[in-house]
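The values are calculated or read from the model by the stated rules, or taken from the named source; none is laboratory data. Keep in mind that this is a model prediction, so the values were computed, not measured. In this analysis, Cβ positions are derived from the backbone assuming ideal geometry, glycine residues included, and neighbour counts consider all displayed protein chains.
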Amino acid sequence: MRRSDREIKSFEEILDILNRCNTIRVGFSREDLAYVVPLSFGYEVKDGKILIYYHCSQIGEKNQILEKNKKVCVEADIFHGIMETANGITTLYESIIGFGKCEEVETVEERKHGLFMILNYYKKDDYPLDRCKGIEKAKVFRIILDSVTGKRNRMEDKHY
């Protein structure tokens with residue numbers, strides 16, 4: 001990372017940023033094409049790794065790409081604005097980028113768990129999943145992040 005003064009090394013601070021994001025962007029890759037899509041999500045931490053859950057339709061571009069390449073990149077950010085400095089203009093932000101593998105969860109129980117994690121993230125964990133039609137056929141995916149980094153430029157971290 002070029003600007004090491006902006007690097008976030010604390011896992012707890014990285015989770016704090018993820019907790020305050022309302023959308024993630026996932027980058028999928030074919031040999032000739034990068035495909036990035038914004039997604040609603042939920043997550044949990046297991047064995048020191050972040051597991052991100054999302055759901056989608058039965059067919060689509062990302063599903064076709066995942067059949068051939070399960071490696072993904074996840075990005076989440078919080079934009080705080082821009083401000084003038086003695087050197088010009090700077091952007092105030094917090095962001096994370098993670099790399100990992102995406103897999104479809106297999107069992108109905110895993111799908112329910114993934115959907116619950118999404119609902120829980122958006123403070124709807126009291127929604128009865130059994131009201132969801134076709135939950136047995138729902139496509140739910142889990143991204144296991146092998147690495148994650150954070151970066152920020154906040155007003156309170158600087159003496160502008």
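Of the candidates GLY27, GLY48, the single residue that is among the small types (Gly, Ala, Ser) and out of contact with any strand residue (DSSP E or B) (no Cβ under 6 Å at 6 or more places or on another chain) is GLY48. I'm checking my understanding of the structure. Among residues of the range 63-96 that are within 16 Å of the chain's Cα centre (by Cα) and charged (D, E, K, R), which one is surrounded by the fewest Cβ atoms within 10 Å (Cβ to Cβ)? Among those that are within 16 Å of the chain's Cα centre (by Cα) and charged (D, E, K, R), it is LYS71.
Of note, GLU31 does not satisfy the criterion of being of a type outside the set (A, V, I, L, M, F, W, C) and within 19 Å of LEU92 (Cβ to Cβ).
For the range 23-36, the candidate set comprises residues that are touching a Pro at 6+ places or on another chain (Cβ under 9 Å) and surrounded by 15 or more Cβ atoms within 10 Å (Cβ to Cβ); within that set, the residue that is farthest from CYS73 (Cα to Cα) is ILE24. Kindly check whether there is at least one residue in the range 23-45 that is part of a strand (DSSP E or B), among the basic types (Lys, Arg) and at pLDDT 95 or above. Scanning the range 23-45 turns up at least one residue that is part of a strand (DSSP E or B), among the basic types (Lys, Arg) and at pLDDT 95 or above.
Taken over the range 39-73, the residue count meeting the criterion of being in contact with a Lys or Arg (Cβ under 9 Å, 6 or more places away or on another chain) and in contact (Cβ under 8 Å) with a residue 40 or more places away in the chain is 13. The single residue among VAL105, VAL140 that is touching a Leu at 6+ places or on another chain (Cβ under 9 Å), of a type in the set (A, V, I, L, M), under 14 Å from CYS56 (Cα atoms) and touching a residue at least 12 places away in the same chain (Cβ under 8 Å) turns out to be VAL140.
Annotation note: of ASP5, ASP77, the sole residue that is on the phi < 0 side of the Ramachandran plot, at pLDDT 90 or above and either of a type in the set (D, E, K, R) or not in a helix (DSSP H, G or I) (or both) is ASP77. With the checklist (1) exposed (fewer than 12 other Cβ atoms within 10 Å of the Cβ); (2) farther than 30 Å from SER10 by Cβ; (3) among the small types (Gly, Ala, Ser) in hand, flag the one item GLY60 doesn't pass. Here GLY60 meets the rest and fails (1). The residues on offer are SER40, SER4, SER10, SER57, and the sole one that is small (Gly, Ala, Ser) and under 11 Å from the mean Cα position of the chain (by Cα) is SER40. Note on the range 5-22: among residues that are polar (S, T, N, Q) and loosely packed, with under 11 Cβ neighbours inside 10 Å, the one that is farthest from LEU51 (Cα to Cα) is SER10.
Note on the range 90-143: residues that are assigned to a helix (DSSP H, G or I), at pLDDT 80 or above and not charged (D, E, K, R) amount to 10.
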